[in-house]
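The values are calculated or read from the model by the stated rules, or taken from the named source; none is laboratory data. Being a predicted model, the structure only gives us computed values, none of them experimental. Virtual Cβ from ideal backbone geometry, glycine too; neighbours counted across all protein chains shown.
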Amino acid sequence: MSVAEEPEVSAADRPRAAAVGTWLRATASEIERPTAIRAAVVAALFLFVLLALPGLVSTFWLQIGTTVAIYSIVTLSLALLVGRVGLVSLGQISLLAVGGWVAVRLGFAAPGLPFPLLLVATGVITGAVGTLIGLPALRLSGLYLALITLMAAAAISVALQVTNFPNGGPGFLGYSGALAGSVSAKLHRPDWLASSASFYRWVVVVAAVMFALGVLHVRSRAGRSWAAIRQSEPSAIAAGVNVTLYKLWAFALASFMTGIAGGLLAASAGGLTTYGFPAQDSITLLAVVLMGGVFSFWGPVVAALLLKLLPELLKNWGLPPDLLTILFGLGVLQVMLTAPAGLVVQVPRDLAGLVAMVRGRLAGTGPAEPAE
Amino acid sequence: MIEVSALTVRFGGVTPLDSMSVTFPAGTCGLIGPNGAGKTTFFNVLSGFVTPAAGAVRAFGEDLLAMAGYRRARWGLRRTFQTEQAIEALSVFDNVGLVHEHSAGGHRATRRQDVLTALEFVGLAGSPKESVATLGVRERRLVEVARAVVGSPRVVLLDEPAAGLPDEETQHLARVIRRIPEQLGALVVLVDHDMSLVSACCDVTAVLDFGKLIASGPTAEVLRDERVIKAYLGTEDKV
């Protein structure tokens, strides 16, 4: 494209137009076909889950789907911390409870607050709490950081047993024993989210926004800085990365996401119970997140399905849910030993290997698969 | 110019750097010495990983030790590591771009061009979009050197860049190193055990032994210095 073909471009704009043209061409060449196919698959799957699924399943399974979508935000936050920054947090489930508490409290304090704004406020406040817990992360790493976050989680669950979730009572805690009627605390949903299907769709959209936020971060300056920190802090410092800032930012972002998930959970059918967030659940969460895969954005989705859909399926098939503990234990062992990148990498790889092997056998001439 | 005065580092009872005073004037300066002499410790002090017990370091008039580690990098202090530290999760372009976007003069508008220039400067052929995880040792070294020279570096610390490289690669590296002060105007401090590389690149060289500076001056003279030869070969009466 030459400038002569565009008489409307003034002389002063020419270099700029040329620069934009170069940039456009460069950008277009960067979007390769696999990327386009991947984007199409993601879009198709998202539309199916958003539009078609509610019509295909019963209310019960739709509520399970809602829970899976909510927990996919939690698994996403932990996968970001572990996979992208190299920080192991064992406090994510307790932060989910904090998010729930904040959302319910805000619901009573400001009944007129629009639901989306309430969610964002919940995310921001939980983000601040999570950042405080993350402060030790500046000095600690690995096992010690995991231990600190687990201790904070235990402290939060003890505090929760004492304070309960707000039920419209007076004071900062907003809990009154006299008002205690039902066992679970709930956040009142606006009318436009009253039905199971509309709430499900809203949750799926919010989860998609959170995943988009995650993808955006990983592809930006923050993601590159996290990659440097994860590999080696000295090399990150030598590259000019403010390690403290980016670690805290990671904690803030993960806590923000988990807080929003907590707000959604507070508004979901089951509501919140004080015994619903035991500290040890954070360990199970880490196990499924590792199993799903922490280096891909599909990993957290698989992890959420393992965590919230699989138990219901087992129950449905008449199998004891305790089986899960054993399955997760074996699963995480298997993944750590054979595929550290998680099931999202392992399953397609092994399937492709299997297909190649079967093809080779059928053709009879193909290279024989080496015996393992 | 880097002026180091009475720099001392202590780890418990060990003194890896003992009152080191030296001036690296300009161009490419060598820093040599036997294993454990304190060369890497000196680099780590400059990078901000190790806090010295005493002493001062001024680089181009700036009090280097007063800056936080990452700010020194933003100011223009770059380095490579003995065990290369190119980031495996990122592409070649992003590895170099990361340093550019965190440096003081690293504007977004010039990033693409600056990164490609740096890759060309070190002679790294191949796609910038390639993941570093797929590269060999030689290419990873060059990626690290590209990280050290992208944008506007002021001081470049090279910690054994030729370790484990075959001869012809070392010669290529020597050409690249010599061009850093010539074309980019940065001061290079080169630590290496390959004396032919040090002789080829460095006009002046300083020698450390057990944390003490035992010689400094024009490279050819320093390498002939009796104390230096003794430090490397040992002396009979030490046994």
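Could you list all residues from the range B:99-111 that are touching a helix residue (DSSP H, G or I) at 6+ places or on another chain (Cβ under 8 Å) and without any contact (Cβ under 8 Å) to a residue 12 or more places away in the chain? If the condition is that a residue be touching a helix residue (DSSP H, G or I) at 6+ places or on another chain (Cβ under 8 Å) and without any contact (Cβ under 8 Å) to a residue 12 or more places away in the chain, then B:101, B:108 are the ones that fit. Just one of the numbered conditions (1) of a type outside the set (A, V, I, L, M); (2) more than 30 Å from residue B:81 (Cβ to Cβ); (3) within 14 Å of chain B (Cβ to nearest Cβ) is not true of residue A:174; which one? Of everything listed in (1) of a type outside the set (A, V, I, L, M); (2) more than 30 Å from residue B:81 (Cβ to Cβ); (3) within 14 Å of chain B (Cβ to nearest Cβ), residue A:174 misses just condition (3).
Evaluation of residue B:198 against the conditions (1) closer than 18 Å to residue B:26 by Cβ; (2) out of contact with any helix residue (DSSP H, G or I) (no Cβ under 8 Å at 6 or more places or on another chain) shows that the sole unmet condition is (2).
Here the range B:71-90 is the region considered, the condition is being surrounded by 23 or more Cβ atoms within 10 Å (Cβ to Cβ) and without any contact (Cβ under 8 Å) to a residue 40 or more places away in the chain, and the residue that is farthest from the other protein chains (Cβ to nearest Cβ) is B:72. Taking the criterion of being farther than 28 Å from residue A:253 by Cα, at pLDDT below 90 and outside any helix (DSSP H, G or I), the residues of the range A:25-78 that qualify are A:32, A:57.
What do you reckon, is residue A:268 in contact (Cβ under 8 Å) with a residue 60 or more places away in the chain and more than 17 Å from the chain's Cα centre (by Cα)? So residue A:268 passes the test. Name the residues in the range B:97-121 that are more than 24 Å from residue A:296 (Cβ to Cβ), out of contact with any Pro (no Cβ under 8 Å at 6 or more places or on another chain) and among the hydrophobic types (A, V, I, L, M, F, W, C), would you? Answer for the range B:97-121, where residues must be more than 24 Å from residue A:296 (Cβ to Cβ), out of contact with any Pro (no Cβ under 8 Å at 6 or more places or on another chain) and among the hydrophobic types (A, V, I, L, M, F, W, C): B:99, B:104, B:109, B:118, B:121. Scanning the range B:57-70 for residues that are more than 14 Å from chain A (Cβ to nearest Cβ) and not in a loop (DSSP other than H, G, I, E, B), which turns out farthest from residue B:26 (Cα to Cα)? So the residue we want is B:66. In the range B:21-34, is there at least one residue being more than 14 Å from chain A (Cβ to nearest Cβ), in a loop (DSSP other than H, G, I, E, B) and closer than 21 Å to residue B:231 by Cβ? Scanning the range B:21-34, I find at least one residue that is more than 14 Å from chain A (Cβ to nearest Cβ), in a loop (DSSP other than H, G, I, E, B) and closer than 21 Å to residue B:231 by Cβ, so the answer is yes. Each residue in the range A:291-307 was checked for being of a type outside the set (A, V, I, L, M) and in a helix (DSSP H, G or I), and 4 of them qualify.
Of all residues in the range B:189-206, those satisfying the criterion of being within 15 Å of the chain's Cα centre (by Cα) and among the hydrophobic types (A, V, I, L, M, F, W, C) are B:189, B:190, B:191, B:197, B:198, B:201, B:202, B:204, B:206. Picking from residues in the range B:37-56 that are more than 10 Å from every other protein chain (Cβ to nearest Cβ) and part of a loop (DSSP other than H, G, I, E, B), the one that is farthest from residue B:81 (Cα to Cα) is B:53.
Under the condition of being small (Gly, Ala, Ser) and within 14 Å of chain B (Cβ to nearest Cβ), which residue from the range A:231-272 is farthest from residue B:71 (Cα to Cα)? Walk me through how you get there before you give the answer.
Our first condition is that a residue be small (Gly, Ala, Ser); within the range A:231-272, this holds for A:232, A:235-236, A:238-240, A:250, A:252, A:254-255, A:259, A:261-263, A:266-271.
Those still in the list that are within 14 Å of chain B (Cβ to nearest Cβ) too: A:232, A:235-236, A:238-240.
Values: A:232: 17, A:235: 13, A:236: 12, A:238: 9, A:239: 10, A:240: 6 Å.
Of everything passing the filter in the range A:231-272, A:232 is farthest from residue B:71 (Cα to Cα).
Taken over the range A:187-230, the criterion of being assigned to a helix (DSSP H, G or I), within 14 Å of chain B (Cβ to nearest Cβ), free of Cβ contacts under 8 Å to residues at least 12 places away in the same chain and surrounded by fewer than 20 Cβ atoms within 10 Å (Cβ to Cβ) is satisfied by A:221 alone.
Within the range B:91-134, the set of residues being buried (at least 18 other Cβ atoms within 10 Å of the Cβ), away from chain A (no Cβ under 11 Å) and of a type in the set (Val, Ile, Thr) comprises B:92, B:115, B:122.
Output yes when any residue across the range A:87-110 is on the phi > 0 side of the Ramachandran plot and either assigned to a loop (DSSP other than H, G, I, E, B) or buried (at least 24 other Cβ atoms within 10 Å of the Cβ) (or both), and no when none is. Taking every residue of the range A:87-110 in turn, none turns out to be on the phi > 0 side of the Ramachandran plot and either assigned to a loop (DSSP other than H, G, I, E, B) or buried (at least 24 other Cβ atoms within 10 Å of the Cβ) (or both). Within the bounds of the range A:315-322, is there any residue that is under 24 Å from the mean Cα position of the chain (by Cα) and modelled with pLDDT of 85 or more? The answer is no; no qualifying residue exists. When the residues of the range A:273-290 are filtered to those that are part of a helix (DSSP H, G or I) and among the hydrophobic types (A, V, I, L, M, F, W, C), the one that is farthest from the other protein chains (Cβ to nearest Cβ) is A:283.
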